[in-house]
Amino acid sequence: MSATDATSVGVIGSGILGLSTALYLQRAGFAVTVIDALPAGGGTSFGNSGLISADTAVPIAQPGMLRKVPGWLLRSDGPLVIRSGYAPRLAPWLLRWIGASSIERVLRISDAMRALHSTSLHAWRELLGDADFQRLVRPVGQVRIWEGDGMESRIEMQIAQRHAIAVEPLTAADLQRIYPGISPEIRRGMRIPGNAFTVSPLGLVQALHAQFLAGAGQTVHERVLKILPCGPEGFTLMTNMANRRFPRIVVAGGAWSGRLLEPLGLRVPLESERGYHALLPAPSIELPMPLSVKNRGFGMTPMAEGLRVTGTVEFAGLEAAPDERRAAALAAHARRIFPGLQAGEPRYWMGHRPSTPDSLPVLGEAPGHPGLYLAFGHGHFGLTGGPPSGKLVSQLIAGAKPAIDPAPYAIGRF
């Protein structure tokens, strides 16, 4: 099958970023086809923490973090796991991650994160419209807490000051008032009022998809196996069902994007940071806004289906089976923070965060391949960065002036 009209674009991936890009392209006058073996939101976009962190600009790699890694790995319920035998394959990515953790690099990365994330809520409202935005998004802030005497790192405070991000310190009394039943071990916290959350990540993606279909967009449920360059005619996408040709394509395949690009000579340090969640239905507590427990590396978000407890970074590649003990540990963490928490039978999930060493996505046209655009790699920040990134990529494809400088997100930085 061929779609060689000059305005046609093929988008690989029906997650948040793929659909955001598709919808912005459609509104710019392009005829867009989204190709994904899974239904809209059926991948990693389904199970995330639901955080829309417009006022978050702190990368994962930070000064001094390397010293914490051995302790994390030694804890059976710790926030980090590297599966046996996977360390050699992970080593090149880890070396780049370490290189991104200097103060100078972190501050530059935070500038790029801020430029992208600060427009997130505006982009979500722009894509969804007022009715769906009000139905699905809660712009009430997020809270970070620490057990004992823990506190935010110096670099986190420096970044907040650098970007004039509003933060509200919370005392133990504040936390008991906002979150009745919280453990007395939680003595301090911090609210970021400019952040938000969704009560249904899947609902968000489905709303984007509904908008896309209403605009005459096409969705094809096929698995893209290979990208074949066709010179001035663009690219043929070889799927498990057909060959589909487009003058332009967007690779928004999440953690699987690297596999599609490597045969084209495009190598990107992209790893799957496997994350887990435990959904606790009918919880006995009601959270007015999400909680992130910084010293344990997990969070809790109130959602339509119950309390979603999310966290863990597990490096094991794309093929290894899930380890439900990771999800069970998250449920146990939640009960440590709220000792009286009761809920129904937990439901466990695992997904693949597409992560780069510097926490920035890969966005823009691929060098040496005119018409091939890249859109992946948001790691922990896909719900936040997806819509603004989709807007940026659509502007680059349309030849419009980009709203922000695209240079920090280019694949050439690697």
Test set (1) of a type in the set (A, V, I, L, M, F, W, C); (2) farther than 21 Å from L291 by Cα; (3) touching a strand residue (DSSP E or B) at 6+ places or on another chain (Cβ under 6 Å); (4) crowded, with 18+ Cβ neighbours inside 10 Å - A115 fails condition number: (3)
Of the criteria (1) more than 19 Å from T7 (Cα to Cα); (2) more than 23 Å from the chain's Cα centre (by Cα); (3) not polar (S, T, N, Q), which one M190 fails: (2)
Any hit, the range 198-215, residues being part of a strand (DSSP E or B) and either farther than 23 Å from A6 by Cβ or within 24 Å of the chain's Cα centre (by Cα) (or both): yes
Filtered residues of the range 126-165 (kept if at positive phi and either touching a residue at least 24 places away in the same chain (Cβ under 8 Å) or in contact with a Gly (Cβ under 7 Å, 6 or more places away or on another chain) (or both)): G129, G141, G148
The one condition in (1) touching a His at 6+ places or on another chain (Cβ under 9 Å); (2) of a type outside the set (S, T, N, Q); (3) at pLDDT 95 or above that V11 fails to fulfil: (1)
Exclusive hit being in contact (Cβ under 8 Å) with a residue 24 or more places away in the chain and either assigned to a loop (DSSP other than H, G, I, E, B) or basic (K, R) (or both), set S292, S284: S284
Selection within the range 295-322 - out of contact with any Ser or Thr (no Cβ under 9 Å at 6 or more places or on another chain), in contact (Cβ under 8 Å) with a residue 60 or more places away in the chain, outside any strand (DSSP E or B) and of a type outside the set (A, V, I, L, M, F, W, C): N295, R296
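Yes/no matrix, rows are residues, columns are (1) of a type outside the set (F, W, Y); (2) under 21 Å from H380 (Cα atoms); (3) in a helix (DSSP H, G or I); (4) touching a residue at least 24 places away in the same chain (Cβ under 8 Å):
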position: G78; (1), (2), (3), (4): yes, yes, no, yes
position: P88; (1), (2), (3), (4): yes, no, yes, no
position: A91; (1), (2), (3), (4): yes, yes, yes, no
position: R96; (1), (2), (3), (4): yes, yes, yes, yes
Residue match in the range 320-343 (condition: farther than 29 Å from I82 by Cβ, of a type in the set (D, E, K, R) and more than 21 Å from the chain's Cα centre (by Cα)): no
Strands (runs of 3 or more DSSP E) completely within the range 342-414 that count 1 or more residues being surrounded by fewer than 21 Cβ atoms within 10 Å (Cβ to Cβ), modelled with pLDDT of 95 or more and among the acidic types (D, E): 362-365
Cβ pairs under 9 Å, 6+ apart, first in the range 22-43 and acidic (D, E), second assigned to a strand (DSSP E or B): D36/V11; D36/I12; D36/T219; D36/V220; D36/V224
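The values are calculated or read from the model by the stated rules, or taken from the named source; none is laboratory data. Since this is a predicted model, take the numbers as computed values, not measurements. Positions of Cβ are backbone-derived with ideal geometry, glycine not excepted, and every protein chain shown enters the neighbour counts.
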